[in-house]
Every structure is written in C-alpha cells, then in structure tokens.
1. List pairs: first residue in segment 123-151 and under 14 Å from Pro99 (Cα atoms), second residue of a type in the set (Asp, Glu) anywhere in the structure, Cβ distance under 7 angstrom, at least six positions apart or on different chains.
2. Given the conditions (1) surrounded by fewer than 19 Cβ atoms within 10 Å (Cβ to Cβ); (2) closer than 18 Å to Thr42 by Cα, report the number of the one that Ser81 does not fulfil.
3. Within the bounds of segment 28-47, is there any residue that is part of a strand (DSSP E or B), out of contact with any Lys or Arg (no Cβ under 7 Å at 6 or more places or on another chain) and under 28 Å from Ile117 (Cα atoms)?
4. Pick from segment 98-127 the residues that are surrounded by 14 or more Cβ atoms within 10 Å (Cβ to Cβ), outside any helix (DSSP H, G or I) and not β-branched (Val, Ile, Thr): which of them is farthest from the chain's Cα centre (by Cα)?
5. Do you know which of the residues in segment 16-71 that are surrounded by 12 or more Cβ atoms within 10 Å (Cβ to Cβ) and acidic (Asp, Glu) is farthest from the chain's Cα centre (by Cα)?
6. Among the hydroxyl-bearing types (Ser, Thr, Tyr), modelled with pLDDT under 85, open to solvent by less than 60 Å² (accessible area, probe 1.4 Å) and over 30 Å from Ala50 (Cα atoms): does that describe Ser200?
7. Looking at the structure I just gave you, is Phe176 under 17 Å from Ile92 (Cβ atoms), open to solvent by 50 Å² or more (accessible area, probe 1.4 Å) and either in contact with an Asp or Glu (Cβ under 9 Å, 6 or more places away or on another chain) or assigned to a helix (DSSP H, G or I) (or both)?
8. Which of the residues belonging to segment 128-163 are open to solvent by less than 90 Å² (accessible area, probe 1.4 Å), hydrophobic (A, V, I, L, M, F, W, C), under 10 Å from the mean Cα position of the chain (by Cα) and closer than 28 Å to Thr42 by Cβ?
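The values are calculated or read from the model by the stated rules, or taken from the named source; none is laboratory data. What you are looking at is a predicted structure, and each value in this text was computed from that prediction instead of being measured. Methodologically, a virtual Cβ is constructed for each residue, glycine included, from the backbone with ideal geometry; neighbour enumeration extends over all protein chains shown. Surface areas here come from the heavy atoms of the whole protein model, side chains and all, with no ligands, DNA or RNA. Shrake-Rupley method; radii C 1.70, N 1.55, O 1.52, S 1.80 Å.
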Amino acid sequence: VINALSDILNINYVIDPAVRGKVNIHTSGEIDKSQLMPIMETIFKINNIAAVKTGNIYKIIPLKEAKSAVPDVGVGTALDSLPAGDRVIIQIVPLRFIPSAEATKVIKPFISPGGEIQEYSKGNILIMVDTSANVKKLLNFIDVMDVDTFENMQVRFFKVKNADVKDMAKELESLFTSMGFAKSSEKGIGVSFVPIERVSYILAVT
C-alpha cells in the first residue's frame, strides 16, 4: 500500500523493519490526488505507525518511536499553526493559570495510543507528542481549562448588625450546602463565608 501511494504522490521514503499491518480500503469513486496523503496518514494512525519527514525523505516508523524522530517542534495554542491531517507532531504548550499536573490528569486519557504527554512543572509547560488532529482537540480542552479563576470570582462584604458573625457564617454555609452548593468556590459552583469578627462583617466568596 505504501509503495503504491508513494509512487502516485512521488515521495521518497524509508520503512522501519518493525512496520507491519493490514489495510482495507474501499472507495465509492475516484479519489483526488490531494486526498491521498491524508488517507495514507490515516492508515498509519490506525496501525500505530507514523510518517516523519526529514528533508525530502519520509521515515515510516512505529508511532512509539516518533517522539525521538520528529524534527519540528510547535509552541503555543494557536490551532491555525498546526499541520492538517494525522501527521505526528510535537507541541509545547505553556500554561497560564492551571497547574501542569492538573492539566495532565485531565488530558492524558485522550492521548492517542502511542502518543505521549509530559509536564515540566517548573515552567508550567506541557509537551505533547500526538497526531496533529488530536493535538488540536487537546488544545481545545486546554483553552477551556486554562482560565483565570479570579476573573469569574465575586467577593462581597455583608455587615452583621445583631447576630454573632461566626454563627451567622456557619448557618449560611449550612443553608447553601443544603441547596447543593459546594463549601468552596474552588470546586466549581460553590460559595464560602468568612467571618471577620473584629468589624462584624461576613465575607462571601463565590
């Protein structure tokens, strides 16, 4: 299959001896030449194979070895800068707000078989090795998660005239918990009540 498609595409390649797989292709009509490369990349993805371009030669290797063979490294979260199709790429993603360890926990289950994600906690950076199509999906996840928590947080002081502020804070917390709110705004839809006894105020954070 690789021989036939590469002849039509007029590309040079070398195949790793470990590359094996069965391919079944059915088409209902003619295929445009511009669609052949994406088809070949999809065939590779199904069989855990990667085509890594070095100069004018494609190295066709097992996907698990691609991370040490990919020559180009992308940086950032801009989707339009990523190549199309199922080509294996390395993408470095600097995170702004969410810790890299937390992002890794969420994203890891969605990495392709043979792909990989690493975190560099000191720089709060993710390093992803995966197909371009899947990296785009993962970057969409990151775009939703990597937001400023304080941007959506509301803080307000309430003066307590007669009641004890500590008792009032506990009663408010119990009331809102019974309504389904979490005790901490860090856990999603939550609210916190902080008694400030010296001035008889309650600080509400949500």
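1. Leu126/Glu119
2. For Ser81, the exception is condition (2).
3. No - not one qualifying residue is present in segment 28-47.
4. Gly114
5. If we take residues in segment 16-71 being surrounded by 12 or more Cβ atoms within 10 Å (Cβ to Cβ) and acidic (Asp, Glu), then Asp16 is farthest from the chain's Cα centre (by Cα).
6. When the stated conditions are applied, Ser200 does not pass them.
7. Answer is no for this residue.
8. Met128, Val135, Leu138, Leu139, Phe141, Ile142
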